[in-house]
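Below is one structure; the comments refer to it alone.
Bear in mind these aren't lab numbers, they're just calculated from the coordinates by the rules spelled out. Just so it is clear, the structure is predicted and the values come from calculations on it, not from any experiment. Note: ideal-geometry Cβ built from the backbone for every residue, glycine included; neighbour counts use all protein chains shown.
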Amino acid sequence: MFEAFRSLKDLRIANCHGTDLPTNTFRGLTTLKSLHLSKLTTKHQPGLSHGLFQPITALEKLTLTESAIRDLPDGLFCPLLKLQILNLTANRLSSTRMNTEANNCELTQLIILDVSSNLIESIGENDLSAFPNLRQLSATENDLIEIHQQAFKKVPSLQHLDLEHNELTEIAPLPEGLLHLSLARNRFSVIPAAIANLNKLISVNLSSNSIDTNTPFSLLSESLESVDLSNNKFDSIPIKIIQQSLNSLLYLYLSGNQIAVLQPSQLQNLTRLQKLDLSSNQIKTLNDDCFNGLAELVSLSLRNNSIYHVDVGVFSDVAKRLQKLDFSSNFLVELPMAVGKLTRMKSMDFSQNQISKLYKFVLNKMTHLSRVDLSNNRISAVESFVFSDCSHLTEIDLSNNRIDSLAQDSFEKCPHLRTINLSRNRISAFSGSIMGLKGLRHLNISGNNLDTLEWAEFPDELLDLDVSKNKITVIAPAARSQVKKVDLKSNKISHIAKNQLCDQIEQIDLSSNQIVSIENDAFIPLASLKVVNLQNNRLKSVAKRAFRDPESSLLNGLLTTHLYLDGNPLVCDCEMSWVASLNTKTSVQLLDSQTSRCKNQVTNQFVKLSEVKEDEYLCSYDQACEPQCICCQYGNCDCKSKCPEGCNCFHDSDFKTNVVQCKGLNETNQILFNPKVLPMHATHIFLENLNLPTLKTHDFMSRARLTELRINGSNIRTIQPLTFNTLPSLKKLDLSGNSLTELRGDELFKTMRIEHLDLHNNQLYEIDNRLLEQFPTLETIRLDENSFDELPEILTLDSRISKVSISGNPFRCDCDWKRFQVQHWVLSNAAKIVDANKLECVENVTSSFLVNDTTVLTGFAPNRGEHLFAMPMSEFLLQANSTICVIEAGGIFGGGPQRNLVLVIASIIFAFAAICGLIVIIMALVRRNKNGNNRYMKATPSLNCSTATPGSSPLPLPLIQYDAFISYSKGDEEMVLNQLCRRLEEEDYSLCLLHQGGARLAYHAAVHNISDELIHQMEACNALIIVLTNNFLENEWETLQIKTAHRFFAKKRNKRIITILSDEIRPNELDAELGKILRSNTRLRQNDQLFWNLLMNAMPMKTNSQHSSGSTMLGDGSDIYSEMYGSVVPSEIV
């Protein structure tokens, strides 16, 4: 792998998860000195072969960390005789043994071994024997509880031992030459003798144990420089423990103990001590002489005690050298006078006390003081001469006090002051106290009571200004200033005007204000502007003209300005369209476009700015004239868009998008509304919750730019032919939530680009296949929540449709899969059905029994209301062959002996009933043949269709009722008699035929006048059946008397009209009068597979159920009527 890198000295391999390292991995790296392997795996130990390191014998430093290593192969490190540093941290090793015994090898040059953060519980007698010259051993953060008494005898040269954060309670004898020892965070209760006897020890860390003053052993080393006994249980300074090293000790850490009193002169022999940490104890007072003798002390920490009193002379002996003093988190009520003697002091922290008073001239001798922290106290004012003569003071922190006034000369004699923190006070004005500080660079005055930002209050040299969380409502005109960063967040600013901001500003934070507007050119003078934060304001729009060329490319030399807008109630109006063009290469970059949102004016939904397209930024209009339109001054102008009353209309900046939305109009506007007045150049029309029961012809005609049309929840029942006429750009048509029952295909004309059709939540039960001719590019269609009980044929004929929704329809299912096409189609097209998991098989149990049209589901008890049984279609398709449609085995019929007996008896009864019924039928047929009465044969009295009987009175007798009048063409008579009338007669319907009996005599094809007899003959029938063929259209329908008689019949609300269409008839080619009859009544196709079922359902109740002797009356009445009046009935008689 690395043969080509023979001179490589340092190699690092990391994050190769799951990698095994074969023997030849490092072949060729003969000069490699340092190898770093980390994160080779996270779960399982990587494969480390026995001879892995054989090719790199010159290696001096090896790091093998964070790789879940549990075991090391025998002799793995034996070839590395020159290895000096071995780092095995953050693995899962359970021992410090390196498995070198079998090969009898030693790493004689290894001086540093680190096995920290493993799972080692003990160090055995010979675990370290392979490293005879080891100088430094680190085994921190393991689970060590035991170390063998002879373990460290194998490493006599050990100088640095770190066993921090383990579980040790005792320690084995240590090498005499040990210099640095850390046993912090273990479980020692006393100082072990093995440690106390180390006479060469320089530093020892026994912090975070449980050692107290009663520990029996003292540290015998006379060369100790650093002792850390913090976080133990000492109640006084343990001088006895460090008695032998008082003259050598430099650092003493006693924080986190229980020390309450510092005895006078107790520390006087620590003459070389430089740092003393007594923080987090229980000290309450500091008396004179408690720090006597600490002439070399440089740093003193008394943080987090309970000190409330400090004697004036307490710092007498430490005054000449003390440079850092930490008195934070105590109970002082005033700045101690004792600190006035600390002439060498550089940093002083008195934060988190209760100081309310600052004495004058206390600090005037601290010529070296550079930092003072008086934050979180109770100071109410900064008076003159408090900080006088602090010529080297560079930083003051007075935050979180109660300061409401600053003396004009508060900081006058602090010429080098660079940072002032006055945040969280009560300042409302500066009274010139800041103006003269020419060296000031950072000023924090956040959280005060400022109501006006006066640039003149601050020195021109100021670079960083934080005035957040004030009450600023006004920004004064910009002054000459070099300020680069300004924080104005959380104020009450409502308007940003031009010339308010200093032109050197690079970063400005205006977030969490009340900004509602930004004036044009507001940020243009800021040539170096890099960051503008406008988050969480009240901006509805940000104008492009507020910035300098925001859409310019960075190639033009402009600096990048990062803009933040999240948290504003932005509106997607056309003034913000420039935001859509921003990207990583423009001079203005919107960095929070994924979280910033604007409100779409049409949907009222908030959309991420990163997802808003340029043409979706819209401006509202009542009347708009497009650019370059030459007819705007005229009333009738296509390129002038006028918004209908009560509607909302929008256009984008380039007038490429024109949206019209009419929703829930009031009563007045609803009356005035007419789809034909919608703007001709509309690209999107959304009509919702209107009352539009009928969409009329040409309502949406010739809108060439219309791409999306939605008419939802508007009670549409009927769509007339050519309603959607010449819409060449329409791609989405949504008619959901209406009351449509059918679509014929003639509603659209020259509208061929529709890709998405939404018809869900209507009452559709039929879609004509001719609709496909209008949708050659259809991709998705929604037909869910309608009334289809069988799959619409349009879905099976068009394979281009990629997404379909059909749930919520009462589809019928049966074991005979050929009976209902939906079952087979769903299985083969599951990928395109987006709601396949919601499809159901629905059976109207009651209706199926009544009409004798049952399925396998008819036998189930209703589970949805009183009549319906429903189950998931997926469940039916899965279980049909295994349970629902499986015939039980056993006996003749299956189901066991008991069921067989019942079924045998039932079969005998059924057979007997069938034989009796057959006998009755034969007798009836014989009787009919004898009578010779065929109701549809010529010259038979029973079909004379007359409606009155003779007598002396000129008025007719009550009408004689027929079930149906059949209107047809003479040229189709043979077909009508054989295919239609014969079947209806068998069902015992009484019929009156146009070219038979009295109706034939009443109708004269050659006479163009109105026959009262024909009208009266039709009125005597409960239903009109029109057999619509080309012969009928070309002959009978051309006569006046036929049209008139049919028109009168159609006006009768209690009558039924059934139209039977032959294959060649196209409904959209019929004249208006006949088309109206078709749309308003039952329409059947002659070749429909369910033709007879549909016809029988549409037929009226039979007259023979109302009149027991109907046929006799018909026959007698017809004869008498014909004999009395002849073939033409006088109109006065009718």
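Values for this structure:
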{"quantity": "MRE, 222 nm, helices only [DSSP H, n ≥ 4, -39500 (n - 2.57), over the chain, to nearest 500]", "calculated": "-3500 deg cm²/dmol"}
{"quantity": "Cα→Cβ-extended label distance, 7 Å offset, between HIS562 and LYS832, nm", "calculated": "4.9"}
{"quantity": "Mean Cβ count within 10 Å, highest first, over the residues of peptides 420-426, 788-794", "calculated": "420-426, 788-794"}
{"quantity": "Candidate aspartates and glutamates for bridging to LYS642, where Cα separation is under 18 Å - those fewer than 8 sequence places away on the same chain excluded", "calculated": "ASP622, GLU626, ASP652, ASP654, ASP699"}
{"quantity": "Cα centroid separation, the stretch 583-617 to the stretch 685-714 (Å)", "calculated": "29"}
{"quantity": "Residues of type lysines that LYS1052 reaches as a straight line, Cα spacing below 16 Å, ignoring anything fewer than 8 places off in the same chain", "calculated": "LYS1043, LYS1076"}
{"quantity": "Cα radius of gyration and Dmax for the stretch 1-175 (Å)", "calculated": "16.0, 53"}
{"quantity": "Alpha-carbon centroid distance for the pair the stretch 502-517 / the stretch 379-455, whole angstrom", "calculated": "23"}
{"quantity": "Distance from the stretch 257-308 to the stretch 823-843 (C-alpha centre basis), Å", "calculated": "85"}
{"quantity": "Angle in degrees between helix 1110-1125 and the longest Cα principal axis of the chain, rounded to the nearest 10", "calculated": "50"}
{"quantity": "Greater than 23 Å apart at Cα, pairs in LYS240/LYS341; LYS663/LYS696; LYS471/LYS498; LYS696/LYS1051; LYS82/LYS154", "calculated": "LYS240/LYS341"}
{"quantity": "For CYS992, residues with placed amide H under 5 Å, excluding near neighbours", "calculated": "ALA964, PHE965, ILE966"}
{"quantity": "Cα point-scatterer Debye curve for the stretch 218-315, base-10 log of I(q)/I(0) at q = 0.25 Å⁻¹", "calculated": "-1.54"}
{"quantity": "Distance violations [Cα-Cα > 31 Å] among LYS676/LYS832; LYS540/LYS832; LYS676/LYS1055; LYS284/LYS320; LYS599/LYS732", "calculated": "LYS676/LYS832; LYS540/LYS832; LYS676/LYS1055"}
{"quantity": "Note, ³J(HN,Hα) from phi for the stretch 598-614, Karplus 6.51, -1.76, 1.60, rounded to Hz, x at Gly and Pro", "calculated": "10, 8, 5, 6, 8, 8, 6, 9, 7, 10, 4, 4, 5, 9, 8, 7, 4"}
{"quantity": "Stokes-Einstein D for the chain, Kirkwood Rh over Cα pairs, 20 °C, 1.002 mPa s (µm²/s)", "calculated": "51"}
{"quantity": "With Cα atoms, 0 to 90° folded angle of helix 1040-1050 axis to the chain main axis", "calculated": "50"}
{"quantity": "Vicinal HN-Hα couplings computed from phi for the stretch 298-312 (Karplus, 6.51 cos²θ - 1.76 cosθ + 1.60; Hz; Gly/Pro x)", "calculated": "10, 10, 10, 10, 10, 4, 6, 10, 10, 6, 10, 9, 10, 5, 5"}
{"quantity": "Antiparallel DSSP beta bridges within the chain, as percent of all bridges there, nearest 5", "calculated": "10"}
